[in-house]
Amino acid sequence: LMLAVESRGVTWDLLSGAYGDDVGYIDQALGQVFDTCAVDPERVALAGFSDGASYALSLGPTNGDLFRHVIAFSPGFAAPAREPFGNARIWISHGWSDAILSPGNTEEVIVPGLQDLGFSVDFMGFDGGHEVPAVVSEAALDWFLA
């Protein structure tokens with residue numbers, strides 16, 4: 001199963017300073033899926049690209065009991081709302097030529113920061129910009145399914 005949601009505003013609420021309508025919307029959508037489909041709780045992932053990747057890296061570790069896997073394509077930051085909970089595994093990619101969000105920040109700040117919180121983090125840098133090439137999305141899917 002894949003549940004694809006979009007932010008309630010121009011971008012995810014946390015980028016405006018606090019969690020808000022987006023968290024409630026995600027919770028409601030997940031509730032509908034869990035009520036109507038057989039979901040393996042060990043195989044629930046939260047993923048996103050760009051602002052969505054930053055949101056996933058903030059919301060996912062905070063809710064590691066629900067999101068056992070977090071996949072982030074070209075994030076700008078990670079800011080868990082409270083002390084991380086659970087033991088989510090994290091996979092992050094970033095293009096070395098990204099002119100929108102710094103790949104150096106991802107490799108030098110985000111990844112070590114999450115590791116310092118005790119998370120297992122896999123990082124994949126790739127030749128490219130602010131994008132998700134097929135080889136990167138395939139690597140993320142392989143990681144998730146392993």
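Being out of contact with any Lys or Arg (no Cβ under 8 Å at 6 or more places or on another chain) and assigned to a helix (DSSP H, G or I) is the filter here, so list the residues in segment 54-76 that pass it. Step through it out loud before you land on a result.
Taking segment 54-76 as the starting set, the residues that turn out to be out of contact with any Lys or Arg (no Cβ under 8 Å at 6 or more places or on another chain) are 54-61, 63-67, 71-76.
Hits for segment 54-76 are Ser54, Tyr55, Ala56, Leu57, Ser58, Leu59, Gly60, Pro61.
Within segment 77-119, how many residues turn out to be in a loop (DSSP other than H, G, I, E, B) and within 29 Å of Pro41 (Cβ to Cβ)?
Within segment 77-119, the subset in a loop (DSSP other than H, G, I, E, B) is 77-85, 87-88, 96-102, 117-119.
Next, from what is left, pick out any that are within 29 Å of Pro41 (Cβ to Cβ): 77-85, 87-88, 117-119.
Within segment 77-119, residues that are in a loop (DSSP other than H, G, I, E, B) and within 29 Å of Pro41 (Cβ to Cβ) number 14.
Would you pick out the residues in segment 1-45 that are more than 22 Å from Ile100 (Cα to Cα), aliphatic (A, V, I, L, M) and outside any helix (DSSP H, G or I)? Spell out how you get there, then give the answer.
Residues of segment 1-45 that are more than 22 Å from Ile100 (Cα to Cα), as a first pass: 1-5, 8, 18-45.
Those still in the list that are aliphatic (A, V, I, L, M) too: 1-5, 18, 23, 26, 29-30, 33, 38-39, 44-45.
The answer is Leu1, Met2, Leu3, Ala4, Val5, Ala18, Ala38, Val39, Val44, Ala45.
Please find, among Asp35, Asp22, Asp40, Asp98, the residue that is over 18 Å from Phe144 (Cβ atoms), surrounded by fewer than 16 Cβ atoms within 10 Å (Cβ to Cβ) and not basic (Lys, Arg).
Values: Asp22 fails: surrounded by fewer than 16 Cβ atoms within 10 Å (Cβ to Cβ); Asp40 fails: over 18 Å from Phe144 (Cβ atoms); Asp98 fails: surrounded by fewer than 16 Cβ atoms within 10 Å (Cβ to Cβ).
Result of the check over Asp35, Asp22, Asp40, Asp98: Asp35.
Need the failing condition index for Ala29 against (1) modelled with pLDDT of 90 or more; (2) closer than 27 Å to Trp143 by Cβ; (3) open to solvent by 50 Å² or more (accessible area, probe 1.4 Å), just the number.
All conditions pass for Ala29, except number (3).
Hey, does segment 117-130 have a residue that's touching a residue at least 60 places away in the same chain (Cβ under 8 Å) and either aliphatic (A, V, I, L, M) or open to solvent by 10 Å² or more (accessible area, probe 1.4 Å) (or both)? Steps first, please.
Quick first cut of segment 117-130, residues touching a residue at least 60 places away in the same chain (Cβ under 8 Å) only: 130.
After this cut, where a residue has to be either aliphatic (A, V, I, L, M) or open to solvent by 10 Å² or more (accessible area, probe 1.4 Å) (or both) as well, the list is 130.
The answer is yes, given that some residue of segment 117-130 is touching a residue at least 60 places away in the same chain (Cβ under 8 Å) and either aliphatic (A, V, I, L, M) or open to solvent by 10 Å² or more (accessible area, probe 1.4 Å) (or both).
The values are calculated or read from the model by the stated rules, or taken from the named source; none is laboratory data. This one's a predicted model, so the numbers in the text were calculated from it and none came from an experiment. Glycine also receives a Cβ, built like all others from the backbone with ideal geometry; neighbour counts cover every protein chain displayed. Heavy atoms of the whole protein, side chains included, go into the accessibility calculation; ligands, DNA and RNA do not. Shrake-Rupley method; radii C 1.70, N 1.55, O 1.52, S 1.80 Å.
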